[in-house]
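Asker: Here it is, the structure, as structure tokens.
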Amino acid sequence: MSEEDEKIIEAQLEKIKKLRGVGGEGTKEFIRSVLKGEKPLEDMKTSHLWWNAGLDYEKSENYQKAIYCFEKAVKLEPEFIHAWVDMGNNYEALGNFEKAIECYNKVILIDPQDFIAWTNLAVTYKELENYQKVLECSQKATEINPQFKLAWLIMGIAYNELQEHQKAIECTKKALEIDPDFVDAWHNMGTSYEYLNKHQKAIECYKKVLEIDPQDNDGWYAMGNSYYELGGYQKALECYKEVIKICPQDAEAWNEVGDAYFKLGDFDKAIEFSKKAVELDPEYGYAWCTIGEAYEKIGNVQKAIKYLEKSLEFEPDLQEAIDLLKNLKNKK
């Protein structure tokens, strides 16, 4: 057995000691033989042993073995809700969403009032982009438990995807009434306002995100994008630089800084930062385009053409590169 399996055995041994007051090498060998399938299933005294083993495998991201353990648990105890839920979660982690849905539906058959299972179903349908189903399941969860913030958030996300942004805001506000420091909800509220072109409102949401968590990379990004949309390029630049501080290997952030410098008319800085972006990601077509545009602005047509052509190698449909390149070649 692998080192990971041995760790699981040790963990289960400790649990058995607490459950039964026994332990030692004999018990360890018993667990090992059951997990390997050498002992009959009937020798396992409790479904919770399999469930706990599954949780330990889940912690180490060995989802297939976790599912094996949860399956054993529900075979012993068919209405073991926690095991069905955790099995669904592990199928979801593997990207097997149909199997995850089967597990959560099994929970709902056992207990139709299980709001967590309804919410898990909503989350899984979101992965499948079936947003009407997301709404049905999340609405059911909030009917059962109106204080479950995650269900309100998932509903808000679905409304955004369905272009019903005002309804998304209403749902997200419900989540924030329950937990004013719910970062994901502030993010979704900001997204809703962006869709409605209310960028100042979006900025207020992202400021709240960063007040709660100053290291929230996505918060700095989103706030930078909102400032950019408002023409606040200096503010946008400052936000993107914060992203670089948090994640210096983020090629997109380097190019966003370069693009903001371009908008501010500092073309040398634009070239400097966007060149760093293509160092980090040589196939980043948008960054090659930014460099080409900046060279065009400082009058270096040869280099502009070179970098624009490079851009189109990776983004052949990038219209701004196509148009500028055509203009430059017509002038030659």
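Asker: Which of the residues belonging to segment 253-265 are of a type outside the set (Gly, Ala, Ser) and surrounded by 17 or more Cβ atoms within 10 Å (Cβ to Cβ)?
Answerer: TRP254, ASN255, GLU256, VAL257, ASP259, TYR261, PHE262
Asker: Between a first residue in segment 264-285 that is without any contact (Cβ under 8 Å) to a residue 40 or more places away in the chain and a second residue that is outside any helix (DSSP H, G or I) and of a type in the set (D, E, K, R), which pairs have beta carbons less than 6 Å apart while being 6 or more apart in sequence or on different chains?
Answerer: Short answer, once both residue conditions are applied: GLY285/GLU315.
Asker: Might you check whether a residue that is more than 22 Å from the chain's Cα centre (by Cα) and either more than 22 Å from CYS137 (Cβ to Cβ) or not in a helix (DSSP H, G or I) (or both) occurs anywhere in segment 89-96?
Answerer: Scanning segment 89-96, I find no residue that is more than 22 Å from the chain's Cα centre (by Cα) and either more than 22 Å from CYS137 (Cβ to Cβ) or not in a helix (DSSP H, G or I) (or both), so the answer is no.
Asker: Next question, about the same structure. Report the residue count in segment 42-64 for those that are within 14 Å of LEU94 (Cβ to Cβ), of a type outside the set (S, T, N, Q) and either free of Cβ contacts under 8 Å to residues at least 40 places away in the same chain or in contact with a Ser or Thr (Cβ under 6 Å, 6 or more places away or on another chain) (or both).
Answerer: The qualifying residues number 4.
Asker: Mind telling me which of the residues LEU49, LEU55 ends up being more than 22 Å from the chain's Cα centre (by Cα), crowded, with 16+ Cβ neighbours inside 10 Å and assigned to a helix (DSSP H, G or I)? Break it down into steps so the answer makes sense when it comes.
Answerer: Working: LEU55 fails: more than 22 Å from the chain's Cα centre (by Cα).
Answer to the selection: LEU49.
Asker: Go through segment 134-151 and give me each residue that's basic (Lys, Arg) and under 20 Å from the mean Cα position of the chain (by Cα).
Answerer: Listed by number, the list holds a single entry, LYS149.
Asker: Taking ALA321 and the conditions (1) touching a Leu at 6+ places or on another chain (Cβ under 8 Å); (2) surrounded by fewer than 21 Cβ atoms within 10 Å (Cβ to Cβ); (3) part of a helix (DSSP H, G or I), which numbered condition does it fall short on, given that it satisfies the others?
Answerer: (2)
Asker: Moving to a separate point now. Pairs, please: C-beta under 8 Å, at least 6 apart or cross-chain, first residue free of Cβ contacts under 8 Å to residues at least 24 places away in the same chain and of a type in the set (A, V, I, L, M, F, W, C) and in segment 87-102, second in a helix (DSSP H, G or I) and crowded, with 20+ Cβ neighbours inside 10 Å?
Answerer: none
Asker: Moving on to the next point. Could you identify the single residue in LYS208, LYS245, LYS275, LYS241 that is under 30 Å from LYS331 (Cα atoms), of a type in the set (Lys, Arg), modelled with pLDDT of 95 or more and assigned to a helix (DSSP H, G or I)?
Answerer: LYS275
Asker: OK, next. Which one is nearest to the chain's Cα centre (by Cα), of the residues in segment 223-241 that are over 10 Å from VAL257 (Cα atoms) and surrounded by fewer than 23 Cβ atoms within 10 Å (Cβ to Cβ)?
Answerer: From segment 223-241, those over 10 Å from VAL257 (Cα atoms) are 223, 225-232, 235; that's our starting set.
Right, trim to surrounded by fewer than 23 Cβ atoms within 10 Å (Cβ to Cβ) and you get 225, 228-232, 235.
On the way: ASN225: 19, TYR228: 24, GLU229: 24, LEU230: 27, GLY231: 29, GLY232: 28, LYS235: 26 Å.
Result: ASN225.
The values are calculated or read from the model by the stated rules, or taken from the named source; none is laboratory data. Being a predicted model, the structure only gives us computed values, none of them experimental. Ideal geometry is used to build each Cβ from the backbone, glycine not excepted, and the neighbour counts take in all protein chains shown.
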